[in-house]
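See below for the structure under consideration.
Derivation of every value follows stated rules applied to the coordinates shown; laboratory data play no part. If you're wondering where the values come from, they're calculated on a predicted model, not measured in any experiment. Counting neighbours? That spans all protein chains shown, and the Cβs are built from the backbone with ideal geometry, glycine included.
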Amino acid sequence: MKNLIVLVFLLPLALRAETSEWSRVPEILARIAPPKFPARDFVITNFGAVAGGSNDCTAAIAKAIDACVGAGGGRVVVPAGEFLTGAIHLKSNVDLHLETNSALKFSTDPNAFLPVVFTRFEGTELYNFSPLIYALGQKNVAVTGDGTLDGQADDSNWMAWKNTKSRATLVKMAADGVPVEQRQFTESNHLRPDFIEFNRCENVLIEGVHIRRSPMWELHPLLCTNVTVRGVDIFSHGVNNDGCDPESCRDVLIEKCLFDTGDDCIAIKSGRNADGRRVNVPSENLIIRDCTMRDGHGGVTIGSEISGSCSNVFVENCEMSSSNLVCVLRLKSNAMRGGVLQNIFMRNVNVGLVKDSVLQIDFLYEEGAKGNFKPVARNVVMENITVTQTPRVLNVRGFPGAEISGVRIYNSTFKQIKKPDQVVDADVKLVNCTLEPAK
C-alpha cells in the first residue's frame, strides 16, 4: 500500500448535496424554541425536603411541583445539598432547576418508581417502572441548572437486571398484538427504567445538568415536538447507557453536550418491529452540533429501533475521540425492523481515535435478513471529516433486497488506516478524500 492515496472516485461536483440540503437548517431552527417560565421559585426545602441524602424527599418535591402548577408555573428549585428521591413526575409549565452544588440522588428501591407508567422499553410500548424523571402529555417542561442527577445504578441494584429475558417476552407480546394496557411489567420482569423521559410532550428543555449512573437510557424524548438539549454532560457507563435517544420526535436540537457513555452517545429511534410500525411516527428534523463524544458505541447512531423511519438529520462541528468509540456515524437495522433512513448529513467533524470505523451501516444487526421489512438507507452524506487514527473508513453491510444508496463521503482526510474497508451490497463512494495508511 502506498503512503498516500488521494482522490478516491472522482464524481461530478453536482452530486454534492451540501449546499441545498444544509439550507434547510435555519427553517428547522426557527421552529425550535426553549420554553419560558414565569419568574416564580418554589424551593423544595420549603415543602419539607431535607438535605443530607438519607431522607426521602419524593413527597416534598411533588408538593413543590403542585404548588408551582397551581400558581401558573415557574421553577421548582433544588438548592445546594444532596436530596434523596424516588420518581419525579413533572407537569406543564414547570422547570425543575438544580442550583450549583445540588444533587438529586435517586433511590435504588424499585418500589420508589411504582405505580407503573405508560412508556416504551427499547422501542416497544408497555407499562413499566416510572423513569426517574417523567412527564406524559405535558407542555413547557424543563430540567435545568448546574446540579447533578445521580441514578446510583450499579451491579448491586438496577444493573443486576441487565440480562433479563423479559425483553423477548415484551417483543413477542407486541408481535402477537397484545393490547398495550395488558403489557404490565414490574419487578419480577426486571426491565430497567430510563433516567429522564418526556413522553408525548411539547416544548421541552434539558439544559446544563450533570448526569451520572443511569439505570438505562439517560435522556429519552419520546413522541415530542420542539426539543432542546443543551450543555448537558453525561458520564454513565452501564449496559444500555445511551446518552440521548430522541424517539419518534420532530424538531430537535442537541448542542454543546458532552457524552461519555456505555452505549451510543446519541441514538435516534422510532419504535421497534410491529409496534413501531403500529405507532408509525418517524423521527425527523434533528440538528446535532458542537457536541463532544468520548466512549460510546457510536458518536451519532440511527437505529436500531427505527421501524417508524427517520429523515433530515444534520450533524456538524463535533469532536470525537476514544479507544472505546466504535464508530463516528452508525446506521443499524434489519429485516424485522425495516425503516427508511434518509437525508442524513454530517460535516466538519474532527476525530482523534476511533475503534472500528468512520461510517458503519449494519443492516445485518441481530435478526439480519430474516424478515419481511427490508431496511433502506439513502442520501447519507459526510463532508470534511478528519480522523487521526482510522482502523478503517467503511464498515457497511447490506443484503440483497435491502437498499443502501447514495452514500457519499466528500473532502475528508483519514490517517493511520490499518485494515481494508468492508462494503457489502451497498452504493458507497469516497470523493476527493485523502487516505493515509498506517506505516
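For this structure, a couple of remarks:
- For the chain: relative contact order, % (alpha-carbon pairs under 8 angstrom, 6 or more apart): 11 percent
- Ratio Rg/Rh [Cα only; Rh per Kirkwood] for the stretch 287-428: 0.95
- Magnitude of the charge dipole, the stretch 52-144, Cβ model with Lys/Arg +1 and Asp/Glu -1, debye to 20: 240 debye
- Simple Cβ-charge dipole of the chain, Lys/Arg +1 and Asp/Glu -1, about Cα centre, in debye nearest 20: 1020 debye
- 3J(HN,Hα) from dihedral phi, the stretch 185-196, Karplus parametrisation 6.51/-1.76/1.60, rounded to Hz, x for glycine, proline: 10, 10, 4, 5, 8, 6, 9, 5, x, 6, 7, 10
- Neighbour cut-off at most 16 other Cβ (10 Å), DSSP loop, GluC sites (Glu not before Pro), the stretch 362-439: E366, E367
- 5 angstrom amide H check on V76, placed H, neighbours 5+ away: F42, D95, L96, H97
- Student exercise, the stretch 115-170 dipole from Lys, Arg, Asp, Glu Cβ charges, in Debye to nearest 20: 300 debye
- From phi via Karplus (6.51, -1.76, 1.60), per-residue ³J(HN,Hα) for the stretch 125-131 in Hz, x at Gly/Pro: 6, 5, 10, 9, 3, 5, x
- Considering only T292, G338, A39, and ranking their Cα positions along the charge dipole of the chain that arises from unit charges at the beta-carbon of Lys, Arg, Asp and Glu, the one farthest toward the positive end is G338.
- Taking the C-alpha atoms only, the angle from helix 166-175 to the longest principal axis of the chain is near 80 degrees.
- In degrees, nearest ten, helix 58-70 long axis to first principal axis of the chain (Cα): 90 degrees
- Shown in residue order for the stretch 349-362 are the 3J(HN,Hα) couplings computed by the Karplus curve 6.51 cos²θ - 1.76 cosθ + 1.60 at θ = phi - 60°: 10, 9, 10, x, 10, 10, 7, 10, 7, 7, 10, 10, 10, 10 Hz (x for Gly and Pro).
- Among the listed pairs K172/K370; K105/K165; K269/K415; K36/K105; K374/K429, those with a Cα-Cα distance over 24 Å are K105/K165; K269/K415; K36/K105.
- Distance between the modelled labels on D421 and Q184, one decimal in nanometres: 5.4 nm (7 Å Cα→Cβ projection).
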